[in-house]
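For reference, the structure discussed in these notes is given below.
The values are calculated or read from the model by the stated rules, or taken from the named source; none is laboratory data. Not measured: the values here are computed from a predicted model. Positions of Cβ are generated from backbone atoms using ideal geometry, with glycine treated the same way; all protein chains shown enter the neighbour counts.
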Amino acid sequence: MNRFDLLRQSLDKKTMVGIEIGPFYSPIAPKEHGWQTTVIDFQEVMPDIVLRGEPLDTLALARNRDGYDYFIASHVIEHTPDLLSFFQQVSRLLRKGGIVSLAVPDMRKCFDVLKPVSSIREVLAAYREKRVRHTPETLLEAANRLGILGGRVSRVGGKVANLPCWTLGGSAGQGGAKTCPRGSGYANSGDGFLGRNR
């Protein structure tokens, strides 16, 4: 049984109506195979609903007020800044007996291998703060683990790779990526330099 079959094993495409979030080009329950799925994604590739920061349950229930029988998300949960609010929204959009089917990467076998496991304290703090974006500290830790500071990764598959610099603030207070001066070796925090990858 492949990964897609595992994620769909409790679902019935003939009798169930569902939501799939973030499938990009590779949906688990594609409409062309007879699935009655509403696709929600932040990219305008093939979604029925484009996610632009609105609450997930509000968007989905506006399309189907009766709710849904299943919710599928493949490699989405690890990008969610507030896990508890995410699961609350999912529970509101599902009908009684609804099924949640998640593909969650094994952190021991991906780029998160050096990341500490999230603590209950971190999960509760994100919920209390109602985070909709990752904190600058989280982004800095990720960049540091990957060796991304100064637009370079020291080693990826034995090769040095050029990457964009990370901004953790700036005038608008929003993080993101931008191009740093070639060879500067620095990441701009908006208030100064965060570090240098030598």
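Couple of notes before you dig in:
- Filtered by the rule that a residue be aliphatic (A, V, I, L, M) and touching a strand residue (DSSP E or B) at 6+ places or on another chain (Cβ under 7 Å), the range 81-97 gives Val90, Leu93, Leu94.
- Flag for Pro81 being under 30 Å from Thr15 (Cα atoms) and not aliphatic (A, V, I, L, M): no
Matching residues to (1) assigned to a strand (DSSP E or B); (2) among the polar types (S, T, N, Q):
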| residue | (1), (2) |
| --- | --- |
| Leu61 | no, no |
| Asp69 | yes, no |
| Ser91 | no, yes |
| Gly98 | yes, no |
| Asp112 | no, no |
| Tyr127 | no, no |
| His134 | no, no |
| Glu137 | no, no |
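- Which listed residue is at pLDDT below 90 and not in a loop (DSSP other than H, G, I, E, B), from Glu32, Glu78, Glu20, Glu54: Glu78
- Hey, Gly97 surrounded by fewer than 16 Cβ atoms within 10 Å (Cβ to Cβ) and in the same structural domain as Gly22 (by TED's automatic domain parsing) or not: yes
- If the condition is being within 30 Å of Tyr68 (Cα to Cα) and either over 16 Å from the mean Cα position of the chain (by Cα) or not charged (D, E, K, R) (or both), then the range 131-150 contributes Val132, His134.
- Taken together, Ala62, Ala29 contain a single residue that is among the aliphatic types (A, V, I, L, M) and without any contact (Cβ under 8 Å) to a residue 40 or more places away in the chain, which is Ala62.
- Of the set (1) within 22 Å of the chain's Cα centre (by Cα); (2) touching a residue at least 24 places away in the same chain (Cβ under 8 Å), all apply to Phe24 but (2).
Conditions (1) of a type in the set (Lys, Arg); (2) more than 25 Å from Ala126 (Cβ to Cβ); (3) buried (at least 19 other Cβ atoms within 10 Å of the Cβ), marked per residue:
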position: Pro30; (1), (2), (3): no, yes, no
position: Phe42; (1), (2), (3): no, no, no
position: Val45; (1), (2), (3): no, yes, no
position: Val50; (1), (2), (3): no, no, no
position: Ala73; (1), (2), (3): no, no, yes
position: Asp82; (1), (2), (3): no, no, yes
position: Gln88; (1), (2), (3): no, no, no
